[in-house]
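Read through the structure below, which is laid out as structure tokens, and then see the notes.
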Protein chains: 2
Amino acid sequence: VTVAPDWKDLLARAAQGHIASTARLISALEARLPGREDALPGIYSAGGQAHVIGITGAPGAGKSTLVAALVMELRRRGQRVGVVAVDPSSTLSGGAILGDRIRMQQHALDPGVYVRSMSTRGTLGGLSRATVDAVAVLDAAGWPVVIVETIGVGQDEVDIIRIAQTTAIVSVPGLGDDIQAIKAGLLEVGDIHVVNKADRPDANKTISDLLHNLTLRRQFHDTSAADWAVPVMPTIALDGTGIREVADAFAAHREHLAASGELRSRERATAAARIRNVAKDLLIERIEDPTVGAAFEELVDAVAARRLDPETAARTLIGAAVETRRR
Amino acid sequence: VTVAPDWKDLLARAAQGHIASTARLISALEARLPGREDALPGIYSAGGQAHVIGITGAPGAGKSTLVAALVMELRRRGQRVGVVAVDPSSTLSGGAILGDRIRMQQHALDPGVYVRSMSTRGTLGGLSRATVDAVAVLDAAGWPVVIVETIGVGQDEVDIIRIAQTTAIVSVPGLGDDIQAIKAGLLEVGDIHVVNKADRPDANKTISDLLHNLTLRRQFHDTSAADWAVPVMPTIALDGTGIREVADAFAAHREHLAASGELRSRERATAAARIRNVAKDLLIERIEDPTVGAAFEELVDAVAARRLDPETAARTLIGAAVETRRR
């Protein structure tokens, strides 16, 4: 029997700045301990004050180093910072990957910093929900700034980024003729573009390419955020160059959102994305439900033998899942 | 009124090598023209012979150049090659992005090559299905090799890669201390690892890091593909260095799959992934259904105002979608 945690007590202690309770609350949600569903409304209604910042970009752009540098800068300004890092590779045996996480550990003894690495690989549909819940907990616990770091390619990642009020896309020079933000379909979701490792010889080309494409986008798309000029900011995260300016840009974007009324429309968009994400997860869980499992295996056999196409199989499966639920 | 195409005629002509019919068939499926559902079983039952090769990696790794070089090599061997390139950015105004696609156009007049670029951005859930259908068409039309090129990070991309029999992960040296394949959670899905731009000074480090991590993985994980030693292959796609070896490795992997009986188990895994992908898409469509729309908007308002948490909202929404279907 899994013991239900005392959800209210955990939340109350987390809100008092008790980091172990914060960590336990996130873990309890992730593990879906008993009482989770009753606890969620309280967690969500307690939140809504945090500035949620999404930081994304291709692997190798130096996102973790950038986040570590930003945390240091925000600490210098006296702000408490929570970090949720989504690491799709972290169930792998280890060591090597965690190298860049270790830099974050310089904050391990600072009660003004909380870093949570979400291990997600292999948990179907778990990525979005656990991450969104972790952000909700930090928000509810009163962390004024929550940074979400993800590898930003693919629909799942774009969905996660949608929970942020301010999104920074990190590129790195030196990958030849590709503009990573564009290749990854991320140009449009960036409120701020950061070109990290800006001491590389081809940094200026990356910056001017990004500026050029942002101008093109402004000409061809009518964006509701038209009055926010998306900045392209060079940084060298390793030595801190440009970090102060990025932190200023985050604050300026937050002010812009509040002043323009866009904060409210983004809150609606965020709510819609959250509902969709969870609904998707719940539906996938239902498909994978062992009580429907027999049907699923038969359908797989039929498709593998090409007696059936995947779409007809999927329609049959959904029918079965719905029937099961109604029984 | 949308006119239904003559699906059977299109498939018959596609199977005779008529490229315009192949293109029209893929477009008709993507646009979901009338009769699509009745046409799918015929398309799927005609397939099953193609060697489907997935090529993935972070933006900037030079995947498109590599694919172009591989196509040239396979043409030299007398093989017809179909390419499906998933480009999440391709609805953007254009020009710049398509630069690397143009290199593919050197094959534009060769009837032994067909290149299809899938524009996907903005079509919720459209990525997987349209791509899977395009591969199915090329398979049904008798293309012996079908290469699927995607930006490989995120669950959607991993799903697409699951439709391939042979998967190559492309890395590039020079991104510092990150091993991209690991960071992106892709180490495990690769049958072949390619280190492109291998003339860069730090190529050897990238290769040895990959080999080291593949060894670790072998020690810690009991993989069913244990008798296939995953190679790490250096290439310089721009000048063709190493391309012949990669093409040989593709053929060797295909032979290994057939000889070991793994081809059959992968076909089951592929079938399962296809059914799941389509089921996910269908379920999301149902959630977004305008007949359930009013409920959705109300739920979004409640979550945005924090009167409701996203999970309770999602459960309510799914209930509504199921009810609507049953009416």
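The values are calculated or read from the model by the stated rules, or taken from the named source; none is laboratory data. Keep in mind that this is a model prediction, so the values were computed, not measured. Reconstructed Cβ throughout: ideal geometry from the backbone, glycine too, with neighbour counts over all protein chains shown. Please note that ligands, DNA and RNA were not included when accessible areas were found on the heavy atoms of the full protein model with its side chains. Shrake-Rupley method; radii C 1.70, N 1.55, O 1.52, S 1.80 Å.
Residues satisfying the criterion are absent from the stretch A:135-152 (criterion: open to solvent by 10 Å² or more (accessible area, probe 1.4 Å) and modelled with pLDDT under 55). Out of all the residues in the stretch A:68-86, which are outside any helix (DSSP H, G or I) and closer than 20 Å to A:ILE163 by Cα? The answer is A:ARG80, A:VAL81, A:GLY82, A:VAL83, A:VAL84, A:ALA85, A:VAL86.
Considering the stretch B:243-265 alone, what residues qualify as being surrounded by 20 or more Cβ atoms within 10 Å (Cβ to Cβ) and either of a type in the set (Phe, Trp, Tyr) or within 13 Å of chain A (Cβ to nearest Cβ) (or both)? Listed by number, the list holds a single entry, B:PHE250. Picking from residues in the stretch A:209-227 that are in a helix (DSSP H, G or I) and open to solvent by 60 Å² or more (accessible area, probe 1.4 Å), the one that is modelled with the lowest pLDDT is A:PHE220.
Could you look through the stretch A:48-67, keep only residues that are modelled with pLDDT of 90 or more and not β-branched (Val, Ile, Thr), and pick out the one that is nearest to A:THR167 (Cα to Cα)? Within the stretch A:48-67, the match that is nearest to A:THR167 (Cα to Cα) is A:GLY54. Within this structure, B:ALA271 fails the test of being assigned to a helix (DSSP H, G or I), over 20 Å from B:LEU187 (Cβ atoms), modelled with pLDDT of 95 or more and open to solvent by less than 60 Å² (accessible area, probe 1.4 Å). Selection of the stretch B:23-56 for residues being of a type in the set (D, E, K, R) and either open to solvent by 20 Å² or more (accessible area, probe 1.4 Å) or not in a helix (DSSP H, G or I) (or both) yields B:ARG24, B:GLU30, B:ARG32, B:GLU37, B:ASP38. In this structure, does A:PRO59 turn out to be open to solvent by less than 10 Å² (accessible area, probe 1.4 Å) and of a type outside the set (S, T, N, Q)? For A:PRO59, the condition - open to solvent by less than 10 Å² (accessible area, probe 1.4 Å) and of a type outside the set (S, T, N, Q) - is met.
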